[in-house]
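The values are calculated or read from the model by the stated rules, or taken from the named source; none is laboratory data. Predicted model only: the values in this text are computed from it and were never measured. Counting neighbours? That spans all protein chains shown, and the Cβs are built from the backbone with ideal geometry, glycine included. When the accessible area is computed, the model is the full protein with side chains, heavy atoms only, and any ligands, DNA or RNA have been set aside. Shrake-Rupley method; radii C 1.70, N 1.55, O 1.52, S 1.80 Å.
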Amino acid sequence: MLRKIRITLSTVMLLGAMVLFLDFTGTVHAYLGWIAKIQLLPAILALNFGVIAVLAVLTLVFGRIYCSVICPLGILQDIIGWLGRRGKKNRLKYGWSPEKKWLRYTMLGVMAVAVIAGIGSVAALLAPYSAYGRIVQSLFAPVYGWGNNALAYLAERKESYAFYRTDVWLKGLSTLIVAAATLIVLAILAWRNGRTYCNTICPVGTVLSFFSRFAMFRPVIDREKCKNCKLCEHRCKAVCINIAEHKIDYSRCVDCFDCLEECKFGALKYRFAWGKKNPDAGAGNAGSDAGRRAFLVGTALAVGSVTLKAQKDKAAGALAVIDGDEDADDKKVDGGLAPIKEKKRPARKTPIVPPGAKSLKNFSRHCTACQLCVSVCPNGVLRPSTGLMTLMQPESSYERGYCRPECTKCSEVCPSGAIRKITREEKTAIQIGHAVWVKENCLAARGRRCDNCAHHCPAGAITMTEMELDGKTRKVPVVDETRCIGCGACENLCPARPYSGIYVEGYTIHNEI
């Protein structure tokens, strides 16, 4: 019964988390957004102490239920492992393996250092929820989009508009490669050895293991009933049951309850065992001094990293602009009936991060690169970064759209606090960057009649002003940086190709008008 309940709940959580990344209508998050916010690492980075406390208590009471029911990456591994056990030959293929403490604590230390130092790319690689998000957004979402477009095409043939087409495009090659590599590694590990990733690499699993050692309810072996058949040991995906010594390593047990179902003699029971020094003579029991030391060290490490990370960044940022004549010979502009070339991204010296991020440093320290904001951005503005220190963390670029002042989707879905929730009114007063005019690319500077940037600027920060250029008077755009909010409307709607005649340079620290 316990296993069936676990499978039902985990299926709901897995599908719910998947829908969050597949939904391009922006409606699902109002109902299922809480699934992202109850993930442990995003809750720690967001300093959501309520969620952290609930998950800690949940683990202290029931063990690592989180890993089997709440974490979508853990559930995905269970599915792969289940597929790998199909057939009589592979059904009971696991076996006891001692805990690899050196690897577990090393990976936890690497994660803590990365969070403290603001090395977002390292933290993003190790975060389990983020890994799942990248897999779904980069690998599954395109397939889902193509399927939707096929249905839309068929519906149009029947004069039905129950479906509508959506753009399917590669948002980040590096993120796609990382997502594919992650899925392949996880699939191999889970297919062959079950929960190897969770109990050797995953920092969330290691943190929870400090609490699960002291869980009130645990699987307990009854020595008198046990026949040493090893069925439970060979079924344990966490390889934490040593039936020869009647030991269970509770730091690695993920409470999947597979062992309870496998035992034919009633020797395994999930029961109240809190305060009992040695309920099963198991490794990792609550009474061991090693368990207490690990708990204290892990708790201190987690609390220390959160405390240091929570300090506000006060470094002032300097503004930088790019030269407007880069590759000037390759720059062409289109007019009339000429074929339209795709826009190219300018070489920004300062990246642009969404309103609500406060600053580049604050954003990089909190963001886990889960790609949730990228998947819900309706304007095609957010995409994964290719920078080494911020690899896969989202940044804004305006080739496909601009950051509309009325849209606050990214701030509504961010689970880690990297983008604080803001209202539409607050967004119109946040300056994430400023527009920079590039004379060499501007059509107006060449004597053509164009005022797109000034006409479409929602902040009224651009005016067409007469200026003496090459001995001729031209009306060209002039930017009022005190009013510009960096939304990118001017850059996106500029007709110059492939580089816009005006682009946005980011701010290291966001300002408020």
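I want to confirm something. Restricting to the range 385-407 and keeping residues that are assigned to a loop (DSSP other than H, G, I, E, B) and open to solvent by less than 10 Å² (accessible area, probe 1.4 Å), which single residue is nearest to G118 (Cα to Cα)? If we take residues in the range 385-407 being assigned to a loop (DSSP other than H, G, I, E, B) and open to solvent by less than 10 Å² (accessible area, probe 1.4 Å), then Q393 is nearest to G118 (Cα to Cα). Residue-level analysis places R223 among those that are more than 29 Å from A127 (Cα to Cα), among the basic types (K, R) and open to solvent by 10 Å² or more (accessible area, probe 1.4 Å). Kindly indicate whether N148 is buried (at least 21 other Cβ atoms within 10 Å of the Cβ), modelled with pLDDT under 95 and either out of contact with any Gly (no Cβ under 7 Å at 6 or more places or on another chain) or not small (G, A, S) (or both). So N148 fails the test.
In the set I52, I38, I135, only one residue is at pLDDT 90 or above and closer than 16 Å to S212 by Cβ; that residue is I52. Taking the listed residues K344, K361, the one that is open to solvent by 20 Å² or more (accessible area, probe 1.4 Å), more than 19 Å from the chain's Cα centre (by Cα) and either at pLDDT below 95 or under 27 Å from T182 (Cα atoms) (or both) is K344, with no other qualifying.
Going through the range 499-513 one residue at a time, which ones are open to solvent by 10 Å² or more (accessible area, probe 1.4 Å), over 10 Å from C453 (Cβ atoms) and not aromatic (F, W, Y)?
Across the range 499-513, the qualifying residues are T508, I509, H510, N511, E512, I513.
Of all residue pairs spaced 6 or more apart or on separate chains, those with beta-carbon atoms under 8 Å, a first member in the range 179-191 that is part of a helix (DSSP H, G or I) and a second member that is of a type in the set (F, W, Y) are V185/Y197; L186/Y197; L189/Y197; A190/Y197.
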